[in-house]
Amino acid sequence: MVKLFALSIFYKGSAEARLLKSTYDLQSFSFFQRGTVQEFMTFASKTIVERTQPAMRQSVKQEAYMCHVYVRADNLSGVLIADHEYPQRVAHTLITKILDEFSAKISADRWETGSDGTIDFNTLPAYLAKYQDPKEADALTKMQNDLDETKIILKNTIEAVLERGEKLDDMIYII
């Protein structure tokens, strides 16, 4: 089962990356591990943002996780931490969507000084929940799955018709 664990927005300053907003889904970890796992994910996200050039996307394997990052040309950055099964295209689509929405709502002059507590952008948990199932959240993935199901149904129908035709031919030869 695919799983999203964290979604974060950073501003990549000249010295270091600044966390602007984040949300986590750590229900799959034990209660006592959650704090440590969240710290690890925040640290890994910050490090990856700092090492990614502006206007670049990348996906980095970090232990048991895939960290998908996008640093825009204006240094606004998004990080999505998921398991290895989560589709890379869907992850980057989500990051782009979040960053576009964030930049439309929060002015650029607040990015350099803002923090998780001072920035009012509360849509991250809803996106993290919605995109847990990439098939439902992404139209292209959903369409591909529907197409695959249709191909299977069509193949089974054609096979059934061919079997009926063979039986009809057998009846003709018997008579």
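The values are calculated or read from the model by the stated rules, or taken from the named source; none is laboratory data. The model shown is predicted, which means the values in this text are computed figures rather than measured ones. Backbone-built Cβ (ideal geometry, glycine too); neighbour counts: all protein chains shown.
ASN75 fails exactly one of the following numbered conditions: (1) within 16 Å of the chain's Cα centre (by Cα); (2) crowded, with 16+ Cβ neighbours inside 10 Å; (3) at pLDDT 95 or above. What is the number of that condition?
Of (1) within 16 Å of the chain's Cα centre (by Cα); (2) crowded, with 16+ Cβ neighbours inside 10 Å; (3) at pLDDT 95 or above, only one is false for ASN75: (1).
Looking at (1) crowded, with 19+ Cβ neighbours inside 10 Å; (2) farther than 11 Å from LYS12 by Cα, which is the only condition ILE48 fails?
ILE48 satisfies every listed condition except (2).
Using the structure shown, decide if ASN122 is surrounded by fewer than 16 Cβ atoms within 10 Å (Cβ to Cβ), in a helix (DSSP H, G or I) and within 19 Å of the chain's Cα centre (by Cα).
In short, no.
Identify all residues within segment 4-34 that are assigned to a loop (DSSP other than H, G, I, E, B) and either surrounded by 15 or more Cβ atoms within 10 Å (Cβ to Cβ) or touching a Leu at 6+ places or on another chain (Cβ under 6 Å) (or both); write none if there are none.
Across segment 4-34, the qualifying residues are ASP25, LEU26, PHE29.
Right, LEU80: in a helix (DSSP H, G or I) and assigned by TED's automatic domain parsing to the domain that holds LEU19 or not?
No, not satisfied.
Can you tell me how many residues in segment 78-114 are in contact with a Lys or Arg (Cβ under 8 Å, 6 or more places away or on another chain), over 26 Å from ASN145 (Cβ atoms) and surrounded by fewer than 14 Cβ atoms within 10 Å (Cβ to Cβ)?
Going through segment 78-114 one residue at a time, the tally reaches 1.
Take VAL69 and decide whether it is surrounded by 15 or more Cβ atoms within 10 Å (Cβ to Cβ) and not in a helix (DSSP H, G or I).
Spelling it out, VAL69 is indeed surrounded by 15 or more Cβ atoms within 10 Å (Cβ to Cβ) and not in a helix (DSSP H, G or I).
Do we have VAL37 as under 15 Å from the mean Cα position of the chain (by Cα) and either closer than 24 Å to PRO134 by Cα or not in a loop (DSSP other than H, G, I, E, B) (or both) here?
Values: under 15 Å from the mean Cα position of the chain (by Cα): no; either closer than 24 Å to PRO134 by Cα or not in a loop (DSSP other than H, G, I, E, B) (or both): yes.
Answer is no for this residue.
Which ones in segment 138-152 are free of Cβ contacts under 8 Å to residues at least 24 places away in the same chain and of a type in the set (S, T, N, Q)?
Within segment 138-152, GLN144, ASN145, THR150 meet the criteria.
When only residues in segment 127-156 that are β-branched (Val, Ile, Thr) and at pLDDT 85 or above count, which is farthest from GLU85 (Cα to Cα)?
If we take residues in segment 127-156 being β-branched (Val, Ile, Thr) and at pLDDT 85 or above, then ILE153 is farthest from GLU85 (Cα to Cα).
Looking at LYS135, LYS155, which is the one that is surrounded by 13 or more Cβ atoms within 10 Å (Cβ to Cβ) and without any contact (Cβ under 8 Å) to a residue 12 or more places away in the chain?
LYS135
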